[in-house]
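Here's the structure, in structure tokens; my notes come after.
The values are calculated or read from the model by the stated rules, or taken from the named source; none is laboratory data. These numbers were taken from a predicted model, which means no experiment stands behind them. Here the Cβ is made from the backbone with ideal geometry for all residues, glycine too, and neighbour counts use every protein chain on show. Side chains included, ligands, DNA and RNA excluded: accessible areas come from the protein's heavy atoms. Shrake-Rupley method; radii C 1.70, N 1.55, O 1.52, S 1.80 Å.
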Amino acid sequence: MSDGILSKAATMEIPISSNGDTSSLPEDDGLEQDLQQVMVSGPNLNETSIVSGGYGGTAEGIIPTGTIKGPGLHTPPPGPPPSGEEVVRGIAVEKFDIVKKWGINTYKCTKQLLSERFGRGSRTVDLELETQIELLRETKRKYESVLQLARALTAHLYSLVQTQHALGDAFADLSQKSPELQEEFGYNAETQKLLCKNGETLLGAVNFFVSSINTLVNKTMEDTLMTVKQYETARLEYDAYRTDLEELSMGPRDAGAVSRLDAAQSQFQSHKDKYEKLRADVAIKLKFLEENKIKVMHKQLLLFHNAISAYFAGNQQQLEQTLKQFNIKLKTPGAEKPSWLEEQ
């Protein structure tokens, strides 16, 4: 394979921020988290394969699959079915092979990650896509803040409505028991009941707003970010196997090296295909997410504005009309939870 193929990958050097000083490594939270992702969640074991040849292009410490003897790796000759013990041994060998593949893949990814962090290697960068991803993460953080504040507002409004309800009952009771102040207590009781009713209507609108923002943030955005995480893992794997192929290409060309180079080329192509597929998936999801976000927020912000404005203007008719406009139906105020929301 010519070196020209590898040079087509868009790469950039990561500058060394500490002049090679590794004393700060244990304090690098980002590096620790990335290593944990590689070691724990890690790549998909079903899609990883062995590359014969480890660090520096040698096969030292790597056990070729063909050298492992035992049932489960070769097609058994015709004859009686294997015994229970042979089946167990076959399963054990198969599991060992899977763990070995995962270990080699993890080793390569960890080596690539460290080389990127210390500026000794290069990483493939899609500047436009990574800018969009970072923008999504920042947007999600800001929307989470809005969601938290909206939930706090809901809790305060609920407490206010409960207090107004209790105060209205107290005024009504005193109106009946205080003839000299019956009228004054009476119209205060009616005012609190009206405010309580309007507050319940406002709560229905705010709850609908909170529910919609929660779905957008914790389902729609989170689903896209899960695909982003898969893409970032695939990018790391792709660069790890690209680096491995480059190292082997610069080594000697004896019979063993040629065999390892062919295997590395196959592995590189497999991870390149996976990386490019996930890159396309992320781009599509980001596009649809942006369209969906604009559509959802246009509706929800209009609802929130109209409901809040009508409530504080004391316009009961406009407040009720706002809920009808967005197909929001109130539950019975005696519900157990502080929510009167039912979406039609």
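Here are some notes:
- Protection proxy ranking for 229-236, 120-127, using the average of other Cβ atoms within 10 Å per residue and placing the highest first: 229-236, 120-127.
- In the context of the full set of protein chains, residues of the stretch 200-325 present 48 Å² of accessible surface per residue (probe radius 1.4 Å, heavy atoms only).
- Measure of compaction for the stretch 200-325 (Cα Rg per 2.2 N^0.38 Å): 1.90
- Rg/Rh for the stretch 138-227, where both radii come from Cα atoms and Rh is the Kirkwood radius: 1.29
- Subset of K142/K219; K140/K324; K140/K295; K219/K287; K142/K229; K142/K293 violating a 18 Å alpha-carbon distance limit: K140/K324; K142/K229
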